[in-house]
Amino acid sequence: MAGKGTRLRPLTNTRPKALIPIANEYLIDHILSALDGLFDGLVFVVNYKMEMIMDHVSERYPDTDVTYMYQENVSGTADAVLSAGELEEPFLCINGDVFIERECIVEALALFRASGKQVISVKRMENDGRYGSVLTCGGVLEGISEKEPSEEALVNIGVYVFKPEIFQAIRETPTSVRGEYELTDSIISLKDDFVINEYGGYWNDIGYPWSVLEVNEHIVKDQEMVIEGNIEERASFSGNIQVGKGTIVRNGAYIIGPVRIGRDCDIGPNCFIRPYTTIGDNCHVGNATEIKNSILFNRTNAAHLSYVGDSIIGENCNLGAGTLVANLRHKKDNISMEINGKMVSSGRRKLGMVMGDNSKTGINVSIYEGRVIGNDSGIGPGVILKRNVEPNSIVLAQQETTTSIFRKD
């Protein structure tokens, strides 16, 4: 969990990737839930904003045996494993930035116990060029290709079972052309001692902001109905919704599930919340506001006359009355977002904005699709936002100079 998660900025400007909330649970909590009861101890390899991870784990899992190992130079996945220390028994290794289901872990462990060999987990899917493709012959590991696009490939999904021998292989691994120590190179040097776990379930590596939306959709789609708050008599809902303790859903609110709402929220009156929306704790969605397939982090408000579609809005944000977020191009083609200075296709026809923590919009702000607003920024009244906004910025619409002439008849 040592990396900075730069492709998820501005969300990761103020938190490590492991503490991005998805369906009102942090990513690290989803991973630990999948591991529950399977292990005696855990080792977290950390660096960036590690204190935040340590504080969360100590508060939420006070009885869990966790060792933190500092990766001084974040220089590749092999170096990350080596930073875990010289473990003397077989161990499970999971990338700290993936959403993985418990079934994948159980399958990998069962395969290790049955075969006595180390395990690399893969998933058959389209490779958009972000992943290494595992090459096999008759189900036997042959190699791992460079990251290149392919319509169908066995993608390495970052779930392994290793023996202690992996550490010596890592020490003998040279740097790659990227100048990093690649774990896949170390694995290939021991390929005769590896078997392949082809997983058929859901997996996502949380690589881009829209990945957060994808995982959120996956989690909430099959959720059960849980009503712990207060729904007033003339509020309406359909489908499975979850409403946390202390939340009030006021008259005139209309909710179509699956929707998940946290604790101590004020929802309505007269708002429309559409499927796959997740709202954090202490949020306010108010009169004539519509939220569709979006994620609102804790303590964020969209109180009046706003539309938010297919967007992620950070903590402590406020949308002024009349804030409108576009999420569809006139051409109805896929929307791209600027990531680390490059335009990257989201593969989605609908994608709104990503807003960092502690940012605000004034009244009557219109935001183009696929835009990014940095943390701790302010957008002035009436702005039509066509470009991304850097963190710690203020964007104001300049008022034209006018001259008034008064005549006395």
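The values are calculated or read from the model by the stated rules, or taken from the named source; none is laboratory data. Values in this document were obtained by computation on a predicted structure and should not be read as measured data. In this analysis, Cβ positions are derived from the backbone assuming ideal geometry, glycine residues included, and neighbour counts consider all displayed protein chains.
List of remarks:
- Looking at region 191-246, none of the strands (runs of 3 or more DSSP E) lying wholly inside it contains 2 or more residues that are assigned by TED's automatic domain parsing to the domain that holds Pro10, of a type in the set (S, T, N, Q) and over 26 Å from the mean Cα position of the chain (by Cα).
- Residues satisfying the stated conditions in region 236-252, i.e. within 17 Å of Ala302 (Cβ to Cβ) and surrounded by fewer than 24 Cβ atoms within 10 Å (Cβ to Cβ): Thr247, Ile248, Arg250, Gly252
- Elements of type helices (runs of 4 or more DSSP H) in region 15-113, at least 3 residues being loosely packed, with under 15 Cβ neighbours inside 10 Å and of a type outside the set (A, V, I, L, M): 50-60
- Check on Asp185, part of a helix (DSSP H, G or I) and loosely packed, with under 13 Cβ neighbours inside 10 Å: no
- Residue list for region 262-293, filter: part of a strand (DSSP E or B) and in contact with a Leu (Cβ under 6 Å, 6 or more places away or on another chain): Ile279
- Number of the exception - Asn316 against (1) assigned to a strand (DSSP E or B); (2) within 26 Å of Ile384 (Cα to Cα); (3) not basic (Lys, Arg): (1)
- Some residue of region 325-340 being assigned to a strand (DSSP E or B), crowded, with 19+ Cβ neighbours inside 10 Å and at pLDDT 95 or above: yes
- Whichever residue in region 111-135 is over 20 Å from Cys93 (Cβ atoms) and in contact with a strand residue (DSSP E or B) (Cβ under 8 Å, 6 or more places away or on another chain) and, among such residues, is modelled with the lowest pLDDT: Asn127
- Subset tally (residues that are aromatic (Phe, Trp, Tyr) and surrounded by fewer than 20 Cβ atoms within 10 Å (Cβ to Cβ)) for region 200-209: 2
- Every condition in (1) over 16 Å from Asn301 (Cβ atoms); (2) of a type in the set (A, V, I, L, M); (3) in contact with a Phe, Trp or Tyr (Cβ under 9 Å, 6 or more places away or on another chain) is met by Val212 except one, and the failing one is (3).
- Complete set of residues in region 7-53 that are under 17 Å from Asn204 (Cα atoms) and among the charged types (D, E, K, R): Arg7, Lys17, Glu25, Asp29
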